[in-house]
């Protein structure tokens, strides 16, 4: 899996452990030096830890606009989630002009490619009589399935991310130029879908930009001109679960807790009556991305205003431009069945010796994670502060 985009800021950390408790995959721990350590193999970039920290001890940043200077020609891709925050087509045209004034040669709307991804997902689901598919629009969902629900891997649709579909078409159109492709990101997870700043070289997109970082600059450039643009209605619907055309064969869920409940049921075959599960970890879908501003409830009705008088169709692309052989890299467990059985047996033995309070005083999220660390040689039973306190109290009473 791709590495974590979460960075730790020591001077802001008050060691409250809220981030450790908030992580759904137990990717965070407190080291012996009282620093938060993020496990790249466990982190799914959901941003729950960042939202739980009220002291800004954990952050996620993208590339900077200074990287524009490294390319002969630069293109900025604008997602439907950001466009949906405009209440009129005129405001959206103003926004595109403001973004271009940041130094880009071209600003591209990617809703037509988002529409392709949604349309292909619906077509695949419609052609299946006995398979329940899971949409792959969000990297958090894909990483969560790899981390905790590997039995559902075959249900993941092999459809590329809309930013990657768009970036590939841009490279084809501008072949021969030293092109730098930048993607505006509405959440932490999308920051990982680019070569930089996190060295994920397998992607077509060169740089991911955090909207939270550059929004003040965009705002300064507003109301200084307009760039004509036409959006895809289906593409805008994809980032807003309320506006996706309802179908009895679709189950649409938004919000991390809801998504986990759906995946739990899907893993046990309790949702086989549905052909397609469309899942959004962010509340209200991508328009509720953590790096966006405004009220996502108010944005749900903007699609008609943005596409009422004119709308473009989803792009017509070859299958090779939309589908991928492997959407997300899976780190295969090379251990034999006997080795894995022995490991879990040893973990359970250590777990029986621990108090089971899941207090995180040792720096681990739960006693089970602590038991795994002991078996892996990263910790010892003496690192459990509860057992140490009980032992000290017992010695005092003797």
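Determine, for each peptide in 374-380, 281-287, the mean count of other beta carbons within 10 angstrom over its residues, then list the peptides with the highest first.
281-287, 374-380
Compare 192, 127, 314 in a GNM of the chain, Cα atoms joined below 10 Å, and give the one with the largest fluctuation.
127
For the chain, set up a Gaussian network in which alpha carbons nearer than 10 Å are linked by springs, and say which option among 208, 155, 345 fluctuates the most.
Maximum among the listed residues: 345.
Hey, got the Cα dimensions of region 179-324 along the principal axes, in Å, largest first?
The Cα atoms of region 179-324 stretch 53, 41, 35 Å along their principal axes.
Residue 357 label point, 7 Å along Cα→Cβ, cut-off 17 Å on backbone N: hits in region 364-395?
364-371, 381-395
In nm, give the distance between the simple-model label positions of residue 41 and residue 105, each being 7 Å from the Cα along the Cα-to-Cβ direction.
Here the modelled spin labels are 4.3 nm apart.
Please say if region 41-148 is rounded, prolate or oblate, where rounded means a/c under 1.5 for a ≥ b ≥ c the square roots of the C-alpha gyration tensor eigenvalues, and otherwise the choice is prolate for a/b larger than b/c and oblate otherwise? Could the numbers behind the result be given before it?
Details: a/c = 2.03, a/b = 1.24, b/c = 1.64.
The shape class here is oblate.
Express the relative contact order of region 336-398 as a whole percentage, based on alpha carbon pairs under 8 Å and six or more residues apart in sequence.
Value for region 336-398: 28 percent.
Distances over 15 Å make up what percent of all Cα-Cα pairs in region 1-51?
38 percent
Exposure proxy check: 113, 196, 161 ranked by fewest other beta carbons within 10 Å?
Least crowded to most crowded, the residues run 196, 161, 113.
Is any residue of region 154-169 close enough, with backbone N under 17 Å, to a label point placed 7 angstrom from the Cα of residue 73 along the Cα-Cβ axis, and if so, which?
Inside the label zone: 166-169.
What's the extension gain from residue 388 to residue 88 if we count 0.36 nm per residue and subtract their Cα-Cα distance?
Working: separation 300, 0.36 × 300 = 108.00 nm, distance 6.27 nm.
Extra length available between residue 388 and residue 88 comes to 101.7 nm.
For the residues 163, 311, 394, what sequence is obtained by ranking on other C-beta atoms within 10 Å, fewest first? Show your work: numbers first, answer last.
Numbers: 163 24, 311 19, 394 9.
Ascending number of Cβ neighbours within 10 Å: 394, 311, 163.
For the chain, take the longest principal axis of its alpha carbons; what is the angle in degrees between that and the long axis of helix 211-221, to the nearest 10 within 0 to 90?
That helix lies at roughly 30 degrees to the long axis.
So, in nm, how far is label residue 333 from label residue 222 when the simple model puts each one 7 Å beyond its Cα toward the Cβ?
5.0 nm
Measure nothing fancy, just the Cα-based angle from helix 89-100's long axis to the longest principal axis of the chain, in degrees from 0 to 90, nearest 10.
70 degrees
Please tell me the relative contact order of region 195-318 in percent, rounded to the nearest whole number, where contacts are Cα pairs under 8 Å and at least six residues apart.
Values: 117 pairs, mean separation 36.6, N = 124.
Across region 195-318, relative contact order equals 30 percent.
Normalised by the number of residues in the chain, what is the relative contact order in percent for Cα pairs under 8 Å and 6+ residues apart?
That works out to 21 percent.
Considering only DSSP beta bridges with both partners in the chain, what is the antiparallel share in %, to the nearest 5? Provide the component values of the computation, followed by the final result.
Numbers: 6 of 28 bridges.
Antiparallel: roughly 20 percent of the beta bridges in the chain.
Would you mind pulling out the separation of the Cα centroids of region 332-370 and region 211-229, in Å?
Answer, in whole Å: 50.
Mind checking which of 253, 210, 305 has the largest fluctuation in a GNM of the chain, springs on alpha carbons under 10 Å?
305
Which shape class, rounded, prolate or oblate, goes with region 293-398 when its Cα gyration tensor gives a ≥ b ≥ c as root eigenvalues, a/c under 1.5 marks rounded, and past that a/b bigger than b/c marks prolate?
Here region 293-398 falls in the oblate category.
Averaged over all directions, how much area does the convex hull of the C-alpha atoms of the chain cover when projected, in nm²?
Working: hull surface 91.3 nm².
Quarter of the Cα hull surface area: 22.8 nm².
Tell me the label-point distance for the pair residue 51, residue 202, using the 7 Å Cα-to-Cβ offset, in nm and rounded to one decimal.
With each label placed 7 Å out from Cα toward Cβ, I get 2.7 nm.
I'd like the orientation of helix 111-126 relative to the chain: the angle between its Cα long axis and the longest Cα principal axis, in ° from 0 to 90, rounded to 10.
Relative to the chain, helix 111-126 is tipped by roughly 70 degrees.
What is the distance in Å between the Cα centres of region 147-166 and region 1-35?
Cα centres, region 147-166 to region 1-35: 26 Å.
Of 108, 330, 245, how do they rank once you tally other Cβ atoms within 10 Å and put the fewest first?
Ranking 108, 330, 245 by Cβ neighbours within 10 Å, fewest first, gives 245, 330, 108.
Coordinate-derived values only; no laboratory data. All of these numbers come straight from a predicted model, not from anything done at the bench. Every residue, glycine as well, gets a Cβ built from its backbone with ideal geometry; the counts of neighbours run over all protein chains shown.
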